[in-house]
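To start, the structure itself, in structure tokens.
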Amino acid sequence: MIKEIHSVTTQSEASYLQQEISKSIQTLKKKVSLHKRKTSVINAFSISLGALVTLTLGMDVAEEYVQSQKNLALSLGALLTIVNGWNALFDYKKLWIRQKSTLLDLYQMQNELGYRKSKKEDCIVDDLFEQYQRIWEKDSNEWRSIIQTSSKSSHNKDKNKSNKKKAGDLD
């Protein structure tokens, strides 16, 4: 009787963990796909705009179109700056890589859990649940690191501007 209760408990623990892993995988698959697509689009825009600026400035045009050519190149250059600034701010590639790594860890865990459940023995999953927690902890720490790096970079830029202003006041 005690063995039966233990078996039911471990099966429900295993089922719970399997359900949590599956939900996490489904959520991350969508996010990974989205960030990969955003990375590709931003890179394509950046490369295309850079090429268009080069082509615009490199073309020989009639004298009456020179001003229009310069204005077009200037506009494309400004748009290129915006696209690259957006990419630096949100860094979709870093998000994509971080979430893809977490997703691969979850797939590996899902396989391990499935294997243990298939053995038809008591399926003890406490160590897998701890691993599941560590995967999310690692993901969270990497996210915090990205945010802190971004905040420090922003803080250092503000500090440099302030120092330059003070130095200018001394002149």
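Sorting the segments 137-143, 102-108, 60-66, 28-34 by their residues' average number of neighbouring beta-carbon atoms within 10 angstrom, most packed first, yields 102-108, 28-34, 137-143, 60-66.
Shape analysis of the range 8-68 places it in the prolate category; the axes a ≥ b ≥ c from the Cα gyration tensor give an a/c of at least 1.5, with a/b above b/c.
Full extension of the chain segment joining Ser68 with Ile124 gains 13.0 nm, where the gain is 0.36 nm per residue of separation less the Cα-Cα distance. If the limit is 19 Å between Cα atoms, which of Lys30/Lys93; Lys31/Lys100; Lys31/Lys152; Lys30/Lys152; Lys23/Lys100; Lys29/Lys94 go over it? Check vs 19 Å cut-off fails for Lys31/Lys152; Lys30/Lys152. Ligands, DNA and RNA left out, the 1.4 Å accessible surface of the range 1-137 is 60% carbon and sulfur atoms.
Equivalent ellipsoid of the range 54-127: semi-axes from √(5λ) of the C-alpha gyration tensor, largest first, are 59, 12, 5 Å.
For the range 19-54 and the range 61-124, what is the separation of their C-alpha centers, rounded to whole Å? Computed from Cα coordinates, the inter-centre distance equals 4 Å. With protein chains left intact and a 1.4 Å probe, residues in the range 20-83 average 68 Å² of accessible area per residue. Computed over the alpha carbons of the range 1-125, Rg followed by Dmax gives 26.6, 96 Å.
If you take all other residues with their beta carbon under 13 Å from the beta carbon of Leu28, and give Lys and Arg +1 and Asp and Glu -1, the sum is +4. As a calculated quantity, the FRET efficiency between Glu137 and Ala51 at R0 = 41 Å, using C-beta atoms, amounts to about 0.45.
The values are calculated or read from the model by the stated rules, or taken from the named source; none is laboratory data. All figures in this text were calculated on a predicted structure; none of them were measured in a lab. Note that we place each Cβ from the backbone using ideal geometry, even for glycine, and neighbour counts take in every protein chain shown. Calculation scope for accessible area: heavy atoms of the full protein, side chains included, ligands and nucleic acids excluded. Shrake-Rupley method; radii C 1.70, N 1.55, O 1.52, S 1.80 Å.
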